[in-house]
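What follows is one structure encoded as C-alpha cells, with my remarks underneath.
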Amino acid sequence: MTKKIFILPIIALTMMANLEAQGPESTANYRQAARFSPIQLKKMVFSSQVDPHWLKKSDRFWYPFTTSEGKSYFLVDPAKNTKQLLFDNAMLAACISSLTRDPFDAKNLSVKDLKFTEDENLIRFEITSKLVDEDKEEEETDMTEKKENHKKENGKANGTKKKTWFFEYNLQTRQLLLLDDYEKPKDRPKWANISPDGEKVVFVRHHNLYWMDKANYEKALKDEKDSTIVEHQITTDGEKDYDFARTYGKDNVELEKEKDDRQPTGIYWSPNSELFALTRSDDRQVKDLWVVKTLSSPRPTLETYKYQMPGEKEAPIEELMVVNLKADTTFRINAEAFKDQSLSIMRRENLASESDDDYVATQWKSGRPDKFYFSRTSRDLKRVDICEVNPYTGEVKVLIEERLNTYIDLAPLGIVNNGQELIFWSERDGWGHFYLYDGEGKLKNQITSGPFHCEEIKGIDEKNRVLYFTANGKEAGEDPYYKHLYRINFDGSEMKLLTPGNYDHSPSMNDNQRYIVNTFSRVNTTPQAQLLNARGEKLMDLETADLSLLFAAGYHFPETFKVKADDGLNDLYGVLYKPFDFDSTKQYPIILYVYPGPQTEAVNKTFSARMDRLDRLAQLGFVVITVGNRGGHPARSKWYHTYGYGNLRNYGLADKKHAVEQLADRHPFIDINRVGIHGHSGGGFMSTAAMLVYPDFFKVAVSNAGNHENNIYNRWWSEKHHGVEEVTDTAGNVSFKYAIDVNSSLAHNLKGHLMLTMGEIDNNVHPGNTIRMANALIRANKRFDLVMLPGQRHGYGDMTEYFFWRMADYFSKYLLDNPDPGVDITEMNREKELTK
C-alpha cells in the first residue's frame with residue numbers, strides 16, 4: 001500500500017511554534033480591561049465636580065479643580081460676579097522654591113490643608129518637602145544612628161523624613177510668608193467630644209462618661225498619660241455592653257489592650273454648652289456574633305460583637321439621657337412608647353461655611369438650650385413619634401404621630417425660627433412631600449404635593465418663608481431619578497425649578513441661601529458646574545471636567561434606556577455599557593450588575609470614574625447593564641418602593657429578566673442564551689437567587705458578600721424591608737414573628753456556574769450567610785466555586801482589584817469560552833513596582 005507523506009512548509013511550522021509559545025489565544029480582551037484599572041484611571045480622570053468652600057463673613061467661596069494641566073485654586077465672589085485664581089501656581093512655586101531651597105514647579109505643587117484666616121484676607125497652607133528634616137540633635141549623631149532612626153520611622157534603612165513647610169499668603173498684597181516657627185495644632189484625638197464653646201471635653205473611660213476642662217485637655221494633647229490631668233466622672237453605672245462608648249470593629253485583644261484608655265462617645269450638645277443628650281443602649285441580652293481575624297499577629301484573634309438577628313426576642317433596650325454639667329445632674333428621660341423601640345436624637349446640620357473647620361461640635365437640633373427633638377420608632381417601623389424634650393425638666397411632648405401600614409422612612413426635620421414652626425417630610429399621601437407644622441405639632445398645611453418625590457431640604461429662608469429643596473420625578477420627559485433644586489413658599493405657592501436641564505443636579509447653597517453652586521451631568525455627558533443666584537439665574541460657568549485623556553484612551557459613554565417592568569405597566573430605567581471596540585455585527589453575552597434595593601437600584605445617573613463593575617467589565621467582551629426593579633428605589637412612589645415588602649427574595653427578579661428580554665428584542669448584538677449576573681451584598685443575594693429561581697435563563701453568576709440567609713442578617717434591614725409581625729397575647733405581652741424565604745432552600749435548582757465570594761471578617765453580612773449557601777449546594781451535590789478573601793470586611797478593601805480579575809476570569813471562561821489565563825494575574829503584576 002502506498003503511503004502519502006505531507007511535508008508541512010517550514011514557515012507554517014514556525015508559526016505553530018510561535019502560537020504554542022504564546023499560549024492559547026484569548027477571546028476576552030484583558031488588555032482593554034487593564035487599560036481602565038483604578039490605577040490607570042487616576043492618570044486620566046481628575047476633578048468631576050466643584051466642591052465649594054463657602055466663607056463665613058461674605059458670600060465668597062473657593063474651590064480646587066484639577067485637569068490634565070494640574071491643580072488650580074479659584075476664589076469666586078458672586079456679588080461681584082468674579083472668578084480669579086487664588087494664586088498663580090508658577091509664581092507660587094518659584095517663591096516657595098526660593099524660600100525653602102527645595103525645588104517645586106507649577107504642576108507638582110502639593111498644597112495641603114488650605115484654609116482662610118478669620119479676617120478672610122489671608123490663607124494658610126502647607127507643602128511637603130522631599131528634604132530630610134533633621135534637628136540639631138540628629139546633626140550631632142553619627143551616620144549609623146541616623147540610618148537606624150530613619151529605618152525605624154520608615155521601615156527601610158535609606159528612608160527619609162519629609163519636612164513640612166507652613167506658609168501664609170496675603171490675597172491683597174500677593175506676598176508669601178514662610179512661617180518658620182509655626183506649630184501646627186495637634187489633631188483632635190478620636191475620644192474627644194468638645195463642647196461648642198471649646199471649654200469642656202467629654203469622653204468615656206471604663207464604660208462611664210467623664211469630662212475635663214480645656215486646660216486639662218491641652219495637657220492631654222501633649223501627653224495623654226500625664227498624671228496631673230484632672231478628670232470628672234459623670235456616671236457610675238456603666239458596664240460592658242451597657243456603656244457609653246463607641247468601640248465597634250475592634251477585636252477582643254484590642255479591647256483588652258485599650259480597656260484603660262479614653263474612648264469616644266456619641267453625644268449631642270446644647271448650643272450654650274451646659275448640657276448634652278445621648279442615647280444609651282443596653283445590649284446585655286443581645287446575643288453575640290463573632291468573626292475570626294486569622295491574619296492577626298502573632299496569633300489569630302476573635303472579634304466579638306452584639307448582633308440581633310430578625311425575629312429574635314433579645315433586643316437592645318435604648319434609653320434617652322440628659323447630662324447637665326452646670327448643675328452636675330444626670331437623668332433618664334421617660335421616652336417609652338413601643339416594645340423594642342429605637343430612639344434617635346435629631347442633630348443640627350453643619351452650615352455650608354463650616355466645611356473647613358477643624359472641628360464642629362455635634363449639637364442637638366433646635367437652636368435653643370431648653371428643648372431638643374427626637375424620634376421614636378416601633379420595632380415594626382409602622383409607627384413613629386416626633387417628640388420634643390425639655391432637657392431641664394425631662395418633659396416629653398409628642399408633636400407628630402406618623403402611622404403607615406408598611407415601614408416609615410424619615411428625613412431630617414426642618415426647624416423654623418428655633419422651633420416656632422417645623423417642616424416635616426412624609427410619604428403619607430404615597431409620595432415624599434413636605435408639611436408645615438406649628439411649634440406645638442399642629443398641621444398648618446402641606447407645602448409640596450403631586451406625583452413626584454421630594455428628597456432633601458437644602459435651605460430655609462425664614463424671613464421670606466421660602467423652602468429650598470431637591471426633588472425628582474417632577475419634570476416631564478426626563479429620567480424620574482434626576483434630581484433638581486426647587487424653591488417654594490411655605491404656603492405651597494410659587495414652586496419654581498432652579499436647576500433646569502435634563503441632567504442629575506448636585507447643588508450646594510451658601511448659609512444665607514443667596515447663591516448656588518450646581519454640578520450636573522448624566523452617565524453620558526461630561527460634568528459641568530455653574531454659579532446661580534437664588535432665583536435660578538446663571539451668573540457664570542465655573543468648570544467643565546477634563547476627560548480628554550480618558551477619551552484619548554478609547555473611552556465611550558454608555559447608553560441609557562427605558563424598558564417596562566414585568567407587569568407591562570411600570571417604566572424601568574437603566575444604563576447599557578458596551579466594549580469600546582464594539583462591533584455591531586457580533587453577538588455579545590450580557591451581564592447584569594444588580595442590587596435589589598430597597599435603599600437604591602445601583603443604576604448610575606451621573607458620570608462616574610468608578611468603572612470596575614460596569615464599563616471595565618464590558619471591555620472584556622460583554623454588554624453590561626444596570627436597570628431598576630419594582631421595590632428598588634426609594635425616590636419614587638411609596639408603592640414602587642415597598643413593592644417587595646413581604647417577599648424579599650424574589651421581588652426584583654422578574655423585572656431584571658424581562659428587561660434583558662426586551663433589550664435582546666431591540667438589539668441583535670445581545671445573545672440572550674449567554675446571560676450572566678453579578679452583585680455585591682444585596683446584589684450578591686439577588687444574583688444567587690436569580691440562578692436558582694430562573695436556572696434556565698441565567699447561566700453564570702458572581703455573587704459577593706451576599707445576605708443569602710436573611711434570617712441571620714441584621715434585624716434592622718431584614719425586618720424593615722421584609723416585615724415583622726407584632727403579636728399581642730391576651731395578657732398584653734408583645735412578641736414578634738418573622739419568617740422569610742432563603743436562597744439555600746432552592747440550592748437544588750442550580751444549573752449554571754456560580755461563584756460565591758466573601759470577606760473573611762465581614763461583620764456586616766456575616767460570612768455565615770455564604771457558608772450556609774455553600775453547605776446547601778454541597779448537600780445538593782452541586783459544583784460551584786467559593787472564594788474567601790482573607791482579612792477583608794464587607795467591601796473587600798485592598799483585595800478589590802484581585803477580586804475583579806477573578807470575576808473577569810469566571811465570566812470570560814463560561815460566557816466567552818476563554819482559555820485558562822494561567823496562575824499569575826499579569827495585568828496586576830504589570831502595575832506593580834518591583835523595588836526588591
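If you add up the charges near PHE36, with Lys and Arg at +1 and Asp and Glu at -1, over every other residue whose beta carbon is less than 14 angstrom from its beta carbon, what do you get?
Summing Lys and Arg as +1 and Asp and Glu as -1 gives +3.
Normalised by the number of residues in the chain, what is the relative contact order in percent for Cα pairs under 8 Å and 6+ residues apart?
Normalised by residue count, the contact order of the chain is 9 percent.
For segment 417-564, what mean projected area does the convex hull of the alpha carbons give, in nm²?
10.8 nm²
Shape verdict for segment 210-353, please, from the Cα gyration tensor: rounded (a/c under 1.5), prolate (a/b greater than b/c) or oblate.
Oblate, since a/c reaches 1.5 and b/c is not below a/b.
How charged is the neighbourhood of LYS306? Take every other residue with its Cβ under 15 Å from the Cβ of LYS306, and add Lys/Arg as +1 and Asp/Glu as -1.
Residues close to LYS306 contribute a combined charge of -4.
Relative to the Cα centre, what is the charge dipole magnitude of segment 38-138, using +1 at the beta carbon of each Lys and Arg, -1 at the beta carbon of each Asp and Glu, and rounding to the nearest 20 debye?
Value, rounded to 20: 540 debye.
If you count, for each residue, the other Cβ atoms within 10 Å and average over each peptide, how do 805-812, 236-243 line up from highest to lowest?
Ranking the peptides 805-812, 236-243 by packing returns 805-812, 236-243.
For segment 35-129, report the translational diffusion coefficient in µm²/s to the nearest whole number, using Stokes-Einstein at 25 °C, 0.890 mPa s, and a Kirkwood Rh over Cα pairs.
Using the Kirkwood radius from Cα pairs, D works out to 164 µm²/s.
Which one of GLY723, THR393, THR67 has its Cα pushed farthest toward the positive end of the charge dipole of the chain, where Lys and Arg give +1 and Asp and Glu give -1 at the Cβ?
Checked the options; the winner is GLY723.
Mind jotting down the distance between the C-alpha centroids of segment 790-836 and segment 315-356, whole Å?
Value for the Cα centre distance between the two parts: 46 Å.
Work out Dmax and Rg for segment 391-503 from the C-alpha atoms and quote the Rg first, both in angstrom.
15.0, 54
For segment 618-711, take the convex hull of the Cα atoms, compute a quarter of its surface area, and give me that in nm², please.
Hull-based average projected area comes out at 6.8 nm².
Tally Lys/Arg at +1 and Asp/Glu at -1 over every other residue whose Cβ is under 11 Å from the Cβ of LEU109; what's the total?
Net of charged neighbours comes to +1.
Write down the radius of gyration of segment 273-374 and its Dmax, each obtained from C-alpha positions, in Å.
Expressed in Å, the Cα Rg and Dmax of segment 273-374 come to 18.8, 53.
Calculate the dipole size of the chain relative to its Cα centre from +1 charges on Lys and Arg beta carbons and -1 charges on Asp and Glu beta carbons; express the result in debye to the nearest 20.
That gives a dipole near 2180 debye.
Send over the per residue convex hull volume for the chain, Cα only, as a whole number of Å³.
241 Å³
Distance in nm between label sites at PHE331 and THR82, each 7 Å beyond Cα in the beta-carbon direction?
5.8 nm
Answer rounded, prolate or oblate for segment 753-798, using the Cα gyration tensor with square roots of eigenvalues a ≥ b ≥ c: rounded when a/c is under 1.5, else prolate when a/b is larger than b/c, else oblate.
Prolate, since a/c reaches 1.5 and a/b exceeds b/c.
Just to be sure I understand the model, the point goes 7 Å from the Cα along the line to the Cβ. What's the resulting ILE229 to LYS115 distance in nm?
2.1 nm
Arranged from highest to lowest average of other beta-carbon atoms within 10 Å per residue, in what order do the peptides 368-376, 580-588 appear?
Those peptides, ordered most packed to least, come out 368-376, 580-588.
Using only DSSP helix segments of four residues or longer, with each worth -39500 (n - 2.57), what per-residue ellipticity at 222 nm results for the chain after dividing by its residue count and rounding to 500?
-5000 deg cm²/dmol
Which distance in Å, rounded to a whole number, links the C-alpha centroids of segment 47-92 and segment 652-687?
Rounded to whole Å, the Cα centres lie 44 Å apart.
Report, ordered by chain and residue number, the lysines lying within cross-link reach of LYS306, taken as a straight Cα distance under 26 Å and ignoring same-chain residues fewer than 8 apart.
Cα-Cα hits under 26 Å: LYS190, LYS240, LYS250, LYS257, LYS259, LYS287, LYS293, LYS339, LYS382, LYS720, LYS737.
Since every read-out is calculated from the coordinates, none of them should be taken as a lab result. Because the structure is predicted, anything quoted here is derived from the model rather than measured. Here Cβ is always computed from backbone atoms with ideal geometry, including for glycine, and neighbour counts include all displayed protein chains.
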